[in-house]
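The values are calculated or read from the model by the stated rules, or taken from the named source; none is laboratory data. A quick note: this is a predicted structure, and the numbers were derived from the prediction, not measured. Accessible surface is based on the protein model in full, side chains and every heavy atom, while ligands, DNA and RNA are left aside. Shrake-Rupley method; radii C 1.70, N 1.55, O 1.52, S 1.80 Å.
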Amino acid sequence: MTAKSGSPRVRGGALAVISVLLIGSALMRLGLQAGPAIAREAPLAEDEDAVVTTEAATAAPSSAELQTLIEAFQHREHALDTREAQIQDRMKALEIAEEAIGRRLEALIGAEERLSATLALADGATEEDLVRLTNVYEKMKPKQAAALFEAMAPEFAAGFLARMRPDAAASVMAGLSPMAAYSISVVLAGRNASVPKE
């Protein structure tokens, strides 16, 4: 049994309890106001009866008033049911959106991991290529390597010379023209100039 199927019985019971409470309240007011009226001494018994009847008529709600109250409660109950249904619909929509966001987030995390793995492979391959090429330059005769380094851009040549063993790099630099050697030296000296000192 769902909560929705049991609610008409609860509503009907709540209305009955409210009606009983209203009638009980009217009877209590009648009793409390009629007591002093009876206790008072009046010259005519008819006047006393008139006072009691008038007070009873004003104290007890009529069936039309009770019907109006019941209709107001039913209207309010209907408005609350409508609002509750709207809230439940919004909650379902939020749950669906949350699940979709969760799936997309998982997909993004998976894509990021795959991209990181691909970049790591590419970086590793690039590094292996640079190490292999540096080893080739180190094993070349200094005069032949110097001819190649002379043709390279100073920044590119400085990158390889920085990776080479100092003795091999010195042999290549010795074979370069003074202008090329100077340009490569400036690049090598300025590579770490922009690194923070502290």
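How would MET173, MET164 line up by accessible area, probe 1.4 Å, largest first?
The ordering from most to least exposed comes out as MET173, MET164.
So between THR82 and ALA14, what do we pick up on full extension, going 0.36 nm a residue minus the alpha carbon distance?
22.7 nm
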